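Colleague: My questions all concern the structure below.
The values are calculated or read from the model by the stated rules, or taken from the named source; none is laboratory data. Since the model is a prediction, treat every value here as computed from it, not as a measurement. Note: ideal-geometry Cβ built from the backbone for every residue, glycine included; neighbour counts use all protein chains shown.
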Amino acid sequence: MPKVAPIDQRKADHIKINLEQDVRSALTTGLENYHFTHEALPELDLNRIDTSLSLFGRRLSAPILISSMTGGTEEAGQINQRLAEAAQEVGVAMGVGSQRAALEHPEQIPTFSITRKVAPDILLFTNLGAVQLNYGYTINHCRRAVDMIQADALILHLNPLQEAVQDAGDTNFAGLARKIEEVCKRIEVPVIAKEVGWGISEKTARLLANCGVSAIDVAGAGGTSWSQVEMHRAPDEFTRQLAATFVGWGIPTADSILNVKKVVPEMTVFASGGIKDGLDIAKCIALGATLGGMAGQFLKAAAISTEKAVEMMKLTKRQIEVTMFACGVEKLEDLKVGKLVNR
């Protein structure tokens, strides 16, 4: 039986691999097929473009989410602090990485709890793997994760393929919908179901809606492929080849947004997975999303400094503003699919 890496080592590996290796999916997001109609006479003042919105009781300056990434190591704690400081300054939402490490090793709690300490006003999401509900986790673990960072909502992430290609992964996903439904009924904050990079089908969207989730983060294919990440940390050639098989797997981000909106049009959708800039976020909003999430760009910036993370977030916000200006839209809620052409 191969020796399983401890959680903190796994988290350190994930940061290092994401920063140093090419772990992109072989698929694209599908967003490259969509283009906004340019208006040469927008009849707008760029400085009056309004990208703000309210969600889960918090006000955001722009529909930007720092997607769930990390925590559980000293380096991760520093990155989370910088990301949270930047989110507080710019006024955007943030999710932390899986808090399983901190629930099982309380000495790691500060690497997550630092986020709320330095960012008292941001929309902040806690995060646990949904599959852990089949491995002994209960509603109390979910509440502890929420309390740890005083979160506004709970992300339950879904990563069956990552677990399947990981050395000694947690692969019993049987009966999980019923347990997610129980959490949704009993927890005191909204629950967000999140894929990690392979997207959401119509069937899964309907199932999650029936569970009672408040939002779905589609995390479609086209960005980081966690099977590629696992390939780089595989302990043997068998596991490496298994993970490498799935570099082209998944449902692209654009298709995933449309899948959810088709079967549960009232569902709040977060778009992530290969989102590279504010123009991509604007496209996702036009397709029906409420927030657009980015991870890699913010991770690379925060690995340098808080200032670099602030700069990246401000650039992303400005990209959204200029997109709206150039297609003649003053308010975020008017950025609809009619402005978007598929070609």
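Colleague: Given the conditions (1) in contact with a Ser or Thr (Cβ under 8 Å, 6 or more places away or on another chain); (2) surrounded by fewer than 23 Cβ atoms within 10 Å (Cβ to Cβ), and given that Ala209 satisfies all but one, which numbered condition is not satisfied?
Modeller: Evaluating Ala209 over (1) in contact with a Ser or Thr (Cβ under 8 Å, 6 or more places away or on another chain); (2) surrounded by fewer than 23 Cβ atoms within 10 Å (Cβ to Cβ) leaves (1) as the failure.
Colleague: Still on this structure, please answer the following. State all residues of region 188-209 that are at negative phi and of a type in the set (Gly, Ala, Ser); if no residue qualifies, say none.
Modeller: Ala193, Ser201, Ala205, Ala209 - these are the residues of region 188-209 that are at negative phi and of a type in the set (Gly, Ala, Ser).
Colleague: Is it fair to say Trp198 is at pLDDT 95 or above and under 23 Å from Ser67 (Cα atoms)?
Modeller: Answer is yes for this residue.
Colleague: Let me ask you something else. Testing Asp167 on (1) of a type outside the set (A, V, I, L, M); (2) over 15 Å from Ala102 (Cα atoms); (3) at pLDDT 95 or above; (4) not in a strand (DSSP E or B), one condition comes back false. Which one is that?
Modeller: Exception for Asp167: condition (3).
Colleague: Can you tell which of Lys203, Lys179 is more than 17 Å from Gly129 (Cα to Cα) and in a helix (DSSP H, G or I)?
Modeller: Details: Lys179 fails: more than 17 Å from Gly129 (Cα to Cα).
Only one candidate qualifies: Lys203.
Colleague: If the requirement is being surrounded by 19 or more Cβ atoms within 10 Å (Cβ to Cβ), in contact with a strand residue (DSSP E or B) (Cβ under 6 Å, 6 or more places away or on another chain), polar (S, T, N, Q) and modelled with pLDDT of 95 or more, which of these qualifies: Thr51, Thr29?
Modeller: Only one candidate passes the filter, namely Thr29.
Colleague: Given (1) more than 24 Å from Phe246 (Cβ to Cβ); (2) surrounded by fewer than 24 Cβ atoms within 10 Å (Cβ to Cβ); (3) at pLDDT 95 or above, identify the lone condition not met by Val131.
Modeller: Here Val131 meets the rest and fails (1).
Colleague: Next up: For region 37-137, list the strands (runs of 3 or more DSSP E) that sit wholly inside it and hold at least 2 residues that are hydrophobic (A, V, I, L, M, F, W, C); which are they?
Modeller: 53-55, 64-66, 93-95, 124-129
Colleague: Right, next: In the list Ala62, Ala101, which residue meets the criterion of being at pLDDT 95 or above and surrounded by 20 or more Cβ atoms within 10 Å (Cβ to Cβ)? Step through it out loud before you land on a result.
Modeller: Details: Ala101 fails: at pLDDT 95 or above.
Step by step, each of Ala62, Ala101 is checked, and only Ala62 is at pLDDT 95 or above and surrounded by 20 or more Cβ atoms within 10 Å (Cβ to Cβ).
Colleague: Given Ala193, Ala177, which one is touching a residue at least 24 places away in the same chain (Cβ under 8 Å) and buried (at least 23 other Cβ atoms within 10 Å of the Cβ)?
Modeller: Ala193
Colleague: Continuing with this model, one more query. Mind counting the residues in region 209-225 that are farther than 26 Å from Phe298 by Cβ and either touching a residue at least 40 places away in the same chain (Cβ under 8 Å) or in a loop (DSSP other than H, G, I, E, B) (or both)?
Modeller: 2
Colleague: When region 166-195 is examined, which residues are found to be over 18 Å from Val260 (Cβ atoms), of a type outside the set (A, V, I, L, M) and out of contact with any helix residue (DSSP H, G or I) (no Cβ under 6 Å at 6 or more places or on another chain)?
Modeller: Correct list: Gly175, Arg178, Glu182, Lys185, Glu188.
Colleague: Restricting attention to region 69-98, and to residues there that are more than 17 Å from the chain's Cα centre (by Cα) and at pLDDT below 95, which single residue is surrounded by the most Cβ atoms within 10 Å (Cβ to Cβ)?
Modeller: Among those that are more than 17 Å from the chain's Cα centre (by Cα) and at pLDDT below 95, it is Gly72.
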